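The structure under discussion appears below in the form of structure tokens.
The values are calculated or read from the model by the stated rules, or taken from the named source; none is laboratory data. Keep in mind the model is a prediction, meaning the values are calculated, not measured. Positions of Cβ are backbone-derived with ideal geometry, glycine not excepted, and every protein chain shown enters the neighbour counts.
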Amino acid sequence: MTPEGSLLAAEGLSKAYGPTPALDGADFSVHPGEVVAVMGPSGSGKSTLLHCLAGIVAPDRGTVRYGPHTLTGLTDAQRSALRRTDFGFVFQFGQLVPELTCLENVALPLRLNGTRRKDAERQARDWLEQLEVEGAAGQRPGEISGGQGQRVAVARALATRPRVIFADEPTGALDSLNGERVLTLLTNAARDTNAAVVLVTHEARVAAYSDREIVVRDGRVKDMAGRI
Amino acid sequence: MGMRFAAGGGREGWIRTALTAAGVALGVAVLLIGASVPTLMDAWHGREKARENLGQEHPPKAGDRTVLYSPADTTFHGERIRGRLIRPDGAHPPVPPGIRRLPGPGRMLVSPALHKLLASPEGALLRDRLHYTTAGVIGDEGLQGPQELTYVAQSDTLRERDGYRVDHFGKSWDPAPMRAPAVVLVIMTCVALMTPVMVFIGTSVRFGNERRERRLAALRLVGADVPTTRRIASGEALFGSLLGLLGGGALFLAARQLASVITLWEINVFPSDVTPALLPAALIVLLVPSAAVLVTLLAQRGITVEPLGIVRNRPPVRRRLWWRLVLPIAGVLLLFPLTREQPWHDTPLNTVRLAAGSTLLLFGVTALLPWLVDAVVGRLRGGPVPWQLAVRRLQLSSGSATRAVSGITVAVAGAIAIHMLMTGMQAGYQAAYAKSGRIPQIGFWGSAADWPQTQQALTSLRATPGVTKVRGTVIANIGRLPAAGVDTSRDVPSTVALGSCAELNRLVHVPSCRDGDVFIAAPAREAARDIGLAPGATIDLNPPRDYGERTAPRPWTIPRAARPAPSRALSDARPFAYDLLVTPAALGADRLSSPDQELRVDFDRSTPDAVEHIRNTAARINPSMFESSSIDNPHDKQYGGVRNALFLGAVITLLLIGAGLIISTVEQLHERRRLLSTLDAYGTRRATLGWSVLWQTTLPVILGLALALACGLTLGALLLVITGSGVTVDWPVVAGMAGIGAAVILFVTALSLPPLWRMMRPEGLRTE
């Protein structure tokens, strides 16, 4: 059963990679504008949970509901379309297209949605400004620092004004100062747009930016606030 | 250690080793075949030398160990058949190679290919012509190639005047060296074939680079220094090269078996004759593996293997045009002056200029291509997402794509130029044959005994199916009588034609004629004027045939009643070549020196196999007669065969380059699998990335093909002008090449899609 008012909810998710179970009956929910930190040790199944929630990976068992949709019942093409329009993503590294400029990287999800290039680049420039990296617009990812790169990645995740942002260890490759700045910008921007954030991390200081924390251990989820 | 990594380096290591080995194997096989061409030609000529003896400088007297020997070549349905007639003078005649004992009277020995043809239903007409009983098969030593059609028959009717008396077989003569255009063809074919192979080797040694670099970094972490890592990388490449060397040897041995079924320019050889000379073979064995190691070391030039990973220390290179123009301009500068030196002089210096110019122009395109790709791609802006991704990728790094495409460029440019050269040369022959071949006529020459025999031959030919008109005379050379201080051997020979009034009337206008009449052709040719042909003049019926030759004069006085006769335009459009025309009663053929009968036969094309029936009749008249006709243009078949082989070679080359492109594309995708997974997470359509791969392959290939077209057409036009042929572009071939290029693009993209989609899976996002 979906918790009342939740935007995205999962129930009884199980997923195994070969003989190794990654998720074992995990439940999860997130509300609009809510930042949920998914914590747990390495190999606990945090990223797998995020991938199942985002429709990137199909769970072996269980359901994921997003608004009126049951993600687990959608085709791959339908899930891809949903990810293009409603979801945003920030990963730890290797996510920006190296041959595109930062501006083009941010405009990419918009263009994939059919926005005309000029419009997409205008919106992208606004997001870069909001994320305080407008100076990197014409540079390629290889020419900027890691912190700037993650801000560009956050700008890209926000560019389509997604309803859910999935962030997998977004500060894992950054120093603490840069990490904090990126998290501040990410969570503030999400709250401004009433987007839900699923923030996978194993760092307690990162979890401090969330409204709620859940812990994944041995493929099961424990809500630190007592909710599912 | 490198070799151990190559052998036990996991799936990627094995794939890289296998690809390197495949590239090296192809290179080695192509080079070994190329290195076998001189020995192959030597063997081919050697076999001909060993079995032939068409006349000795000092002919032996008939004896127990001599044989009368005569050529009796014929043509059947466009295929040349080498025939030799023999008549032993004694019990111990010489025997040519491949034959244990000469066939008995009325019997013949045939090559296996001719044996097969004679036994087939298609050979029915030929069986009539070669009416001898087959007594056996000629062994390989007596053949130039396994497909050769040849026979040796004993003829009781072989006369001394038809043949040569010899006491041995085997003749010492030097074959003419290859003509410069042929040398250029061989060199350009090797360049056009080898460049893609080298490109393929270069691509294959880079396969799995990422994992190898990680491994080398790990070795640095445990204490290996930079030279050690380079040695290890070289060792890895060396292992693949050595495997390739073995594979290349095996491929060469397998490929040379095909020699028996391939005939190019009428040359067909035994597989055993396709053997490289020792020195080139040793060089290939040494240099090809070294080249693979060199490519590996060059690939490492721009990187430093550090303990924590690879540092790419090569800054982005701005490609400059000026030095890239040096090679093609040097090529054009070498070739262009040759276009003004008409006619072509086949000197060693000109051959070197031609070969060097062509090679420089071909190689020049490989230097120009990276600049062209950079210059064009750098100016591209906007466009849909797949286009933008592809363009940006090429703007950032077009090196690997350009490297692979440069192979296409050289292969296509070479193929277009060679095709143009062939088409131009073929067109020249076609024009000549179209001019003379319009007239369905066939001519025969053979020694003549007397006029009645020639008359009999004319009657036989007139009775042959399909024959519409026949003319024939006995012809011989005549000259002026030798005089003191005059070397008559340097005179232009003059000709006498002997025939009935009816036959002479076909050559000149003779309003009235009876046997015994003599005519002098009017207007007189230069040769006739030189020897003073006039009524009452005495001429020599036995003039010298060679410079410096002295012959016993055979004086004959032209009757005072000889009349001038206006020459007719001959039906075969040949120049009129008769000066004195005599009837048999005026001059007997036995008084002429080496008289020949000349028979000209017109026929009806619509009669099936009319030509073969005429040849059968001619063989019955005298099998040693030579044939002259424009019926079968052998050049069409020869050039057609070579052009088809070239086209096939170009297709195989392009497929090879396609394989190289797939390797580099998949390698690039593999290096970007995390990014691809991220893009998939964003909901990027598969089609978007598929189109991006297509554009990424298409752009350099299209630019490469355009450059190839420009270079190929320029080179082809220059070569045609140099060789004095009209510039003809073989547009279907150009279109075919462009089509194959397009097919390569689609082929590469189609085969890149499955790995692309596999790498878009979310597994790429997992970091733990």
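Annotations
- Test: B:Gly240 is small (Gly, Ala, Ser), touching a residue at least 12 places away in the same chain (Cβ under 8 Å) and over 30 Å from B:Arg643 (Cα atoms): yes
- Considering A:Ser47, A:Ser42, the condition of being within 9 Å of chain B (Cβ to nearest Cβ) and crowded, with 24+ Cβ neighbours inside 10 Å is satisfied by A:Ser47 alone.
- Restricting attention to the stretch A:124-136, the residues that are in contact with an Asp or Glu (Cβ under 9 Å, 6 or more places away or on another chain) and either hydrophobic (A, V, I, L, M, F, W, C) or within 12 Å of chain B (Cβ to nearest Cβ) (or both) add up to 3.
- Conditions (1) away from every other protein chain (no Cβ under 14 Å); (2) not in a loop (DSSP other than H, G, I, E, B); (3) not charged (D, E, K, R): number failed by A:Asn194: (2)
- Scanning the stretch A:85-123 for residues that are under 26 Å from B:Glu671 (Cβ atoms) and either touching a His at 6+ places or on another chain (Cβ under 9 Å) or of a type in the set (A, V, I, L, M) (or both) returns A:Val90, A:Leu96, A:Val97, A:Leu100, A:Leu103, A:Val106, A:Ala107, A:Leu108, A:Leu112.
- Residue in the stretch B:354-362 that is part of a helix (DSSP H, G or I), away from every other protein chain (no Cβ under 14 Å) and over 23 Å from the mean Cα position of the chain (by Cα) present: no
- Only one entry of B:Ala750, B:Ala717 meets the criterion of being within 24 Å of the chain's Cα centre (by Cα), modelled with pLDDT of 85 or more and over 30 Å from A:Gly40 (Cβ atoms), and that entry is B:Ala717.
- Residues in the stretch A:150-169 that are without any contact (Cβ under 8 Å) to a residue 60 or more places away in the chain and buried (at least 24 other Cβ atoms within 10 Å of the Cβ) were compared, and the one that is nearest to A:Gly88 (Cα to Cα) is A:Ala155.
- Count of the stretch A:159-187 residues which are of a type in the set (Gly, Ala, Ser) and either within 14 Å of chain B (Cβ to nearest Cβ) or in contact with an Asp or Glu (Cβ under 7 Å, 6 or more places away or on another chain) (or both): 4
- Cβ-Cβ contacts under 7 Å between residues 6 or more apart (or on different chains), taken from a first residue in the stretch B:464-482 that is assigned by TED's automatic domain parsing to the domain that holds B:Val611 to a second residue that is among the aromatic types (Phe, Trp, Tyr), are listed as B:Gly466/B:Phe603; B:Val467/B:Phe603; B:Thr468/B:Phe603; B:Val474/B:Trp451.
- With respect to being over 25 Å from A:Gly55 (Cβ atoms), surrounded by fewer than 20 Cβ atoms within 10 Å (Cβ to Cβ), of a type in the set (A, V, I, L, M) and touching a residue at least 40 places away in the same chain (Cβ under 8 Å), A:Leu185 fits the description.
- Check on B:Glu213, at pLDDT below 85, under 30 Å from B:Ser111 (Cα atoms), of a type outside the set (Lys, Arg) and in contact with a strand residue (DSSP E or B) (Cβ under 8 Å, 6 or more places away or on another chain): no
- Close pairs (8 angstrom Cβ cut-off, 6 or more residues apart or separate chains): more than 9 Å from chain B (Cβ to nearest Cβ) in the stretch A:109-123, surrounded by 20 or more Cβ atoms within 10 Å (Cβ to Cβ) and among the acidic types (Asp, Glu) anywhere: A:Glu121/A:Glu104
- Looking across the stretch A:88-103, just one residue is within 7 Å of chain B (Cβ to nearest Cβ) and either among the β-branched types (Val, Ile, Thr) or in a helix (DSSP H, G or I) (or both), and that is A:Val97.
- In the stretch B:375-391, of all residues being in a helix (DSSP H, G or I) and more than 14 Å from chain A (Cβ to nearest Cβ), the one that is surrounded by the fewest Cβ atoms within 10 Å (Cβ to Cβ) corresponds to B:Ala375.
- Among the numbered conditions (1) within 14 Å of chain B (Cβ to nearest Cβ); (2) surrounded by fewer than 18 Cβ atoms within 10 Å (Cβ to Cβ); (3) assigned to a loop (DSSP other than H, G, I, E, B), the only one that A:Thr85 does not meet is (3).
- When the stretch B:392-401 is filtered for residues that are within 9 Å of chain A (Cβ to nearest Cβ) and surrounded by 23 or more Cβ atoms within 10 Å (Cβ to Cβ), the ones remaining, listed by number, are B:Arg393, B:Leu394.
- Taking helices (runs of 4 or more DSSP H) as the structural unit, those lying wholly within the stretch B:657-768 and holding at least 1 residues that are surrounded by fewer than 23 Cβ atoms within 10 Å (Cβ to Cβ) and at the interface with another protein chain (Cβ under 10 Å from one of its Cβ atoms) correspond to B:673-681, B:686-722.
- Residue in the stretch A:66-74 that is within 11 Å of chain B (Cβ to nearest Cβ) and either closer than 25 Å to A:Gly25 by Cβ or outside any strand (DSSP E or B) (or both) present: no
- You will find that of B:Arg379, B:Arg403, the residue that is farther than 17 Å from B:Thr359 by Cβ and free of Cβ contacts under 8 Å to residues at least 60 places away in the same chain is B:Arg379 and no other.
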